[in-house]
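First up is the structure itself, then whatever we jot down about it.
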Amino acid sequence: MEKQHRPIYHMLPHQNWMNDPNGPIYHNGLYHLFYQHNPDDTTWGNIHWAHSVSRDLVNWQHRPLALYPSREEGELHCFSGCTVVRDDGTPMIFYTSVGEGERNAQTGAQQWAAVGSMDLDDWVKVYENPVIDQSVHGDMKILEWRDPFVFRRNGECMMLLGGTHRGHGCAALYRALDAELYTWEFLGIMSQDEQGSDMWECPVIFPCRDRYVLLYSPNGAMRYETGTFDGDRFCRDTKGVVDYGGWQGLYAGTVCSTPEGSTVMFAWMPEVLRMPLEGSGYTWSGVQSIPRILELDERSRLTSRPVDSVSSLHDVPNAWTGGDIPAAGRKELPISGNALDLFGLFQFDPDKTDEFGLELFADREGRETTRLVFQPARRRAYIDREHSCADGVPFAVPAAGPWDVPQNGQVDVRILTDHSTVEVFIDSRLCISTRVYPKYSTSDKAILFGPESGGVTALMLEVYPMKPAEFS
């Protein structure tokens with residue numbers, strides 16, 4: 001199981017636990033990605049910041065650990081945060097510091113800072129810590145206060161922090177009062193949950209077109225809001241879901257800018273569904289998603305696509321350029337593999353087609369399969385994992401999302417699979433990610449299946465086996 005389920009082109013450490021991506025930044029010609037890491041075990045705990053670098057967001061070099069808990073200061077964990085370069089050129093990390101007793105995560109978290117070397121390999125926590133504590137809020141109480149994200153607007157440094165206010169998840173806003181970024185003022189609650197989530201984690205914000213985009217993880221599927229922001233107030237005009245995977249597929253996303261000015265998102269793909277298999281000798285836990293370019297369309301809806309550089313790992317393609325999908329039947333694609341990049345364009349009747357799709361990680365004997373299902377008439381798409389593992393790790397509830405079915409009856413889909421990961425991009429707007437753990441090594445087939453009524457055509461289908469990324 002260890003080798004069979006370990007991804008080959010998604011970023012992960014050599015061993016042990018990894019969760020949230022932290023502080024991605026493009027600096028001195030390299031992308032730097034920090035992340036939550038337990039260097040001693042495959043389970044959560046003893047949280048450090050690990051560090052990896054890349055020139056292309058695909059191949060990675062692991063660097064020394066960046067942050068260690070300061071036990072002598074009562075610190076048990078270095079929770080999530082961000083990196084920023086001060087106006088004087090000094091790199092800084094801001095993160096949530098957590099301990100025991102009065103320093104517990106629910107009521108006693110503090111925001112700490114560290115300054116770094118120019119290569120971002122060496123970090124020293126500043127004497128001024130904590131740079132922000134709960135006293136900044138006056139009489140207001142924000143619980144589960146965590147995950148600082150620093151951004152600039154009109155020359156000012158501002159910060160978002162997630163948490164809970166009066167039982168509702170929220171993003172709180174702060175402004176730096178000095179160039180060293182050691183003194184901050186609280187501006188108020190920037191946005192607050194209206195859908196029942198009691199905690200927001202990892203809030204981030206970035207400009208796009210004439211709007212700002214706010215992302216957050218509300219203890220479930222990642223969400224976004226778009227709106228205007230004048231430095232004090234955020235006025236929302238649209239909202240939606242970043243990816244419907246949540247804890248079973250994609251969580252805790254964060255962003256940075258590319259040299260070309262695009263916004264790229266990193267996110268964690270947890271191993272929640274692997275828990276029944278934990279006695280199988282896994283030496284690692286947690287995977288980073290393929291980095292995604294985020295944009296807004298003309299209706300201020302978030303769009304998402306894998307970074308272009310992932311295509312550098314394409315092996316020889318096998319393209320099936322057209323043909324009807326058999327009615328109520330199945331058509332095995334002439335290629336197999338546990339690590340694939342699939343591009344598809346399908347034509348269907350938006351009002352009459354019941355369902356069609358693809359089987360992934362399928363076994364010819366029918367013992368296990370993971371199904372991506374399109375249901376135009378019901379306006380939804382989902383990943384069915386009920387039979388994804390013959391070893392008794394089914395998850396009967398589909399990973400599903402509402403589908404804005406195109407009026408022209410065409411759907412553009414891209415699917416990335418990597419041994420135990422599935423990432424689906426439907427028309428670049430509906431994203432569903434999940435983890436699956438097939439039992440059999442022969443569960444590597446991709447199969448098209450059609451509706452009872454027929455009438456679905458594959459206008460284009462290209463399948464690329466993926467070569468391993470380089471990790472050193």
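Here are some notes:
Yes or no, residue by residue, for (1) in contact (Cβ under 8 Å) with a residue 12 or more places away in the chain; (2) loosely packed, with under 15 Cβ neighbours inside 10 Å; (3) over 20 Å from Tyr35 (Cβ atoms); (4) assigned by TED's automatic domain parsing to the domain that holds Phe266:
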site	(1), (2), (3), (4)
Thr83	yes, no, no, yes
Asp87	yes, yes, yes, yes
Ile93	yes, no, no, yes
Gly99	yes, no, yes, yes
Lys125	yes, no, no, yes
Asp133	yes, no, yes, yes
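- A Cβ distance below 9 Å, combined with a sequence gap of six or more or placement on separate chains, defines the contacts here; from segment 216-230, residues that are not assigned by TED's automatic domain parsing to the domain that holds Leu294 reach no residue that is crowded, with 21+ Cβ neighbours inside 10 Å and among the aromatic types (Phe, Trp, Tyr).
- Positions within segment 374-391 being surrounded by fewer than 18 Cβ atoms within 10 Å (Cβ to Cβ) and in a strand (DSSP E or B), in sequence order: Arg380
This table checks each residue for (1) buried (at least 18 other Cβ atoms within 10 Å of the Cβ); (2) out of contact with any Leu (no Cβ under 7 Å at 6 or more places or on another chain); (3) part of a strand (DSSP E or B); (4) at pLDDT below 95.
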site	(1), (2), (3), (4)
Ile205	yes, no, yes, no
Leu215	yes, yes, yes, no
Gly231	no, yes, no, yes
Cys235	no, yes, yes, yes
Gly253	yes, no, yes, no
Pro276	no, yes, no, yes
Tyr282	no, yes, no, yes
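- For Glu194, the test of being over 16 Å from Ala252 (Cα atoms) and either assigned by TED's automatic domain parsing to the domain that holds Glu295 or crowded, with 22+ Cβ neighbours inside 10 Å (or both) is passed.
- Single unsatisfied condition, Val456 versus (1) surrounded by fewer than 22 Cβ atoms within 10 Å (Cβ to Cβ); (2) on the phi < 0 side of the Ramachandran plot: (1)
- Matching residues, segment 237-251, being part of a strand (DSSP E or B), at pLDDT 95 or above and among the hydroxyl-bearing types (Ser, Thr, Tyr): Tyr251
- Meets criteria (small (Gly, Ala, Ser) and surrounded by fewer than 21 Cβ atoms within 10 Å (Cβ to Cβ)) for Ser70: yes
- In segment 56-76, the residues that are under 22 Å from the mean Cα position of the chain (by Cα) and part of a loop (DSSP other than H, G, I, E, B): Asp56, Leu57, Val58, Asn59
- Flag if Thr107 is surrounded by 17 or more Cβ atoms within 10 Å (Cβ to Cβ), β-branched (Val, Ile, Thr) and under 19 Å from Pro203 (Cα atoms): no
Okay, residues lined up against (1) of a type in the set (A, V, I, L, M, F, W, C); (2) assigned to a strand (DSSP E or B); (3) modelled with pLDDT under 95:
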site	(1), (2), (3)
Val136	yes, no, no
Asp139	no, no, yes
Glu144	no, yes, no
Asp147	no, yes, no
Val150	yes, yes, no
Cys157	yes, yes, no
Leu161	yes, yes, no
Cys170	yes, yes, no
Tyr174	no, yes, no
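- Residue check, Val53 assigned by TED's automatic domain parsing to the domain that holds Leu277, part of a strand (DSSP E or B) and within 21 Å of the chain's Cα centre (by Cα): yes
- Look at segment 401-419: where a residue is surrounded by fewer than 18 Cβ atoms within 10 Å (Cβ to Cβ) and a partner is at pLDDT below 90, sitting 6+ places away or on another chain with Cβ atoms under 7 Å, you get Gln407/Pro350.
- Within segment 392-407, the presence of a residue that is under 21 Å from Arg330 (Cα atoms) and outside any strand (DSSP E or B) is excluded.
- Evaluation of Lys3 against (1) under 22 Å from the mean Cα position of the chain (by Cα); (2) outside the structural domain of Tyr216 (by TED's automatic domain parsing) (one fails), failing number: (1)
- Matching residues, segment 408-420, being among the hydroxyl-bearing types (Ser, Thr, Tyr) and in a strand (DSSP E or B): Thr417
The values are calculated or read from the model by the stated rules, or taken from the named source; none is laboratory data. These numbers were taken from a predicted model, which means no experiment stands behind them. We place every Cβ from the backbone using ideal geometry, glycine too, and count neighbours over all the protein chains shown.
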